[in-house]
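Note sheet for the following structure.
The values are calculated or read from the model by the stated rules, or taken from the named source; none is laboratory data. Model, not experiment: these values are computed from the prediction. No Cβ is skipped: glycine too gets one built from the backbone with ideal geometry, and neighbour counts run over all protein chains shown.
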Amino acid sequence: MDLEPLPRSFYARPVLVVARAAIGQWLVHRTRAGTVAGRIVETEAYRGPEDRAAHSHGGRRTARTASMFGPPGHAYVFFVYGLHHHFNLVTGAEGEPHAVLVRAVEPLLGLELMAARRGVPADRVTLTNGPGKLCQAFAIDREHDGRDLCAGDLFLAAGARWPVERSARIGVQYAGSWAERPWRFFARANRYVSRPRGGTLRQP
DNA sequence: TGAATGATTTACT
DNA sequence: GTAAATCATTCAA
């Protein structure tokens, strides 16, 4: 299969459209250590400045959120909890701080490399079933913040169509009524979709 | 300059 | 189920 980056026009659309369209596409990262790729199975839309859960809410433009305000088709990567990275796709128009958080991926290529980076066996869903986990498996960190996803070693490629379901977002209940909005999209019947927090994640 | 905290994960009781 | 890990960013002073 040819792994060519999706065009910028894929990202230059409303954030909710991109969040839904991203399900089923491939996420690819080529590094010196090898290539890893997987199917995107879970996303969430963050629509600052009116979205209280978004870092860009209220139009706050800081050093951290700068890339969220940049042109579409670039990455927004940030670091939380002192240990984890989160990977986002910048969408919409330049100056519009909207982004799509990639929350889970189904591993397809480079499973052994992912397993080595994660320190878990390659056949476990915990390899990539969470935003922090997939960043570790794909070796995505702040180095990639602001990176162009249309030209480089980290990009989305066209994948197969996949049935999509939607729900409220996870982990941002404080966002009040906005959290009621079904801005989380996930692939139906895919075991790599993350489970809501609080529930113990058991291995098959 | 200093204190609080988070779009989470993991281990432990 | 609950708590610890762990630090860049943010906001207050």
* **Only listed residue being hydrophobic (A, V, I, L, M, F, W, C) and touching an Asp or Glu at 6+ places or on another chain (Cβ under 8 Å), chosen from A:Val18, A:Val100, A:Val80, A:Val90** => A:Val100
* Asked: Is it the case that A:Leu134 is within 27 Å of A:Arg64 (Cα to Cα), at pLDDT 95 or above, crowded, with 20+ Cβ neighbours inside 10 Å and touching a His at 6+ places or on another chain (Cβ under 9 Å)?
  -> no
* Structure fact -> A:Met114 meets each of (1) surrounded by fewer than 20 Cβ atoms within 10 Å (Cβ to Cβ); (2) under 29 Å from A:Ala33 (Cα atoms); (3) not charged (D, E, K, R) with one exception, condition (1)
* Asked: For residues in the range A:23-58 being over 12 Å from A:Leu156 (Cα atoms), assigned to a loop (DSSP other than H, G, I, E, B) and not small (Gly, Ala, Ser), which is farthest from DNA strand B (Cβ to nearest atom)?
  -> A:Arg32
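In this structure, is A:Phe155 in a strand (DSSP E or B), under 18 Å from the mean Cα position of the chain (by Cα) and within 25 Å of A:Ala53 (Cα to Cα)? Can you show your working first?
Working: in a strand (DSSP E or B): yes; under 18 Å from the mean Cα position of the chain (by Cα): yes; within 25 Å of A:Ala53 (Cα to Cα): no.
Taking the combined requirement at face value, the residue does not satisfy it.
Do we have A:Ala75 as within 10 Å of DNA strand B (Cβ to nearest atom) and part of a strand (DSSP E or B) here?
Spelling it out, it is not the case that A:Ala75 is within 10 Å of DNA strand B (Cβ to nearest atom) and part of a strand (DSSP E or B).
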* So A:Thr43, is it at pLDDT 95 or above, touching a helix residue (DSSP H, G or I) at 6+ places or on another chain (Cβ under 7 Å) and farther than 18 Å from A:Pro71 by Cβ -> yes
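Are any of the residues in the range A:97-109 over 23 Å from A:Val15 (Cα atoms) and without any contact (Cβ under 8 Å) to a residue 24 or more places away in the chain? Break it down into steps so the answer makes sense when it comes.
First, the residues of the range A:97-109 that are over 23 Å from A:Val15 (Cα atoms): A:107-109.
Now narrow it down to the ones that are without any contact (Cβ under 8 Å) to a residue 24 or more places away in the chain: none.
Taking every residue of the range A:97-109 in turn, none turns out to be over 23 Å from A:Val15 (Cα atoms) and without any contact (Cβ under 8 Å) to a residue 24 or more places away in the chain.
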* **Complete set of residues in the range A:123-140 that are within 16 Å of DNA strand C (Cβ to nearest atom), assigned to a helix (DSSP H, G or I) and not hydroxyl-bearing (Ser, Thr, Tyr)** => A:Pro131, A:Gly132, A:Lys133, A:Cys135, A:Gln136
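Can you go through A:Arg20, A:Arg61, A:Arg13 and tell me which one is of a type in the set (Lys, Arg), more than 12 Å from DNA strand C (Cβ to nearest atom), touching a helix residue (DSSP H, G or I) at 6+ places or on another chain (Cβ under 8 Å) and not in a strand (DSSP E or B)? Steps first, please.
Values: A:Arg20 fails: touching a helix residue (DSSP H, G or I) at 6+ places or on another chain (Cβ under 8 Å); A:Arg61 fails: more than 12 Å from DNA strand C (Cβ to nearest atom).
A:Arg13 is the lone residue from the list that is of a type in the set (Lys, Arg), more than 12 Å from DNA strand C (Cβ to nearest atom), touching a helix residue (DSSP H, G or I) at 6+ places or on another chain (Cβ under 8 Å) and not in a strand (DSSP E or B).
Run down A:Gly73, A:Gly92, A:Gly82, A:Gly119 and say which single residue is at positive phi and touching a Leu at 6+ places or on another chain (Cβ under 7 Å). Even if it seems obvious, please write down each step before you answer.
Working: A:Gly92 fails: touching a Leu at 6+ places or on another chain (Cβ under 7 Å); A:Gly82 fails: touching a Leu at 6+ places or on another chain (Cβ under 7 Å); A:Gly119 fails: touching a Leu at 6+ places or on another chain (Cβ under 7 Å).
None of the others qualify; the one that does is A:Gly73.
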* Quick one: A:Phe79 ticks every box in (1) within 12 Å of the chain's Cα centre (by Cα); (2) within 16 Å of DNA strand C (Cβ to nearest atom) except a single one, so which number is it? => (1)
* What number of residues within the range A:114-165 are away from DNA strand B (no atom under 13 Å from the Cβ) and farther than 25 Å from A:Phe10 by Cα? -> 3
* Which residues, taken from the range A:59-70, are away from DNA strand B (no atom under 11 Å from the Cβ) and in contact (Cβ under 8 Å) with a residue 24 or more places away in the chain? -> A:Gly59, A:Arg61, A:Ala66, A:Phe69, A:Gly70
* Would you check if there is a residue in the range A:82-100 being part of a helix (DSSP H, G or I) and of a type in the set (Asp, Glu)? => no
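I'm trying to understand the selection: among the residues of the range A:1-10, which are part of a helix (DSSP H, G or I) and either over 17 Å from the mean Cα position of the chain (by Cα) or within 16 Å of A:Val164 (Cα to Cα) (or both)?
At the first step, the residues of the range A:1-10 found to be part of a helix (DSSP H, G or I) are A:8-10.
Within the range A:1-10, just A:Ser9 meets the criteria.
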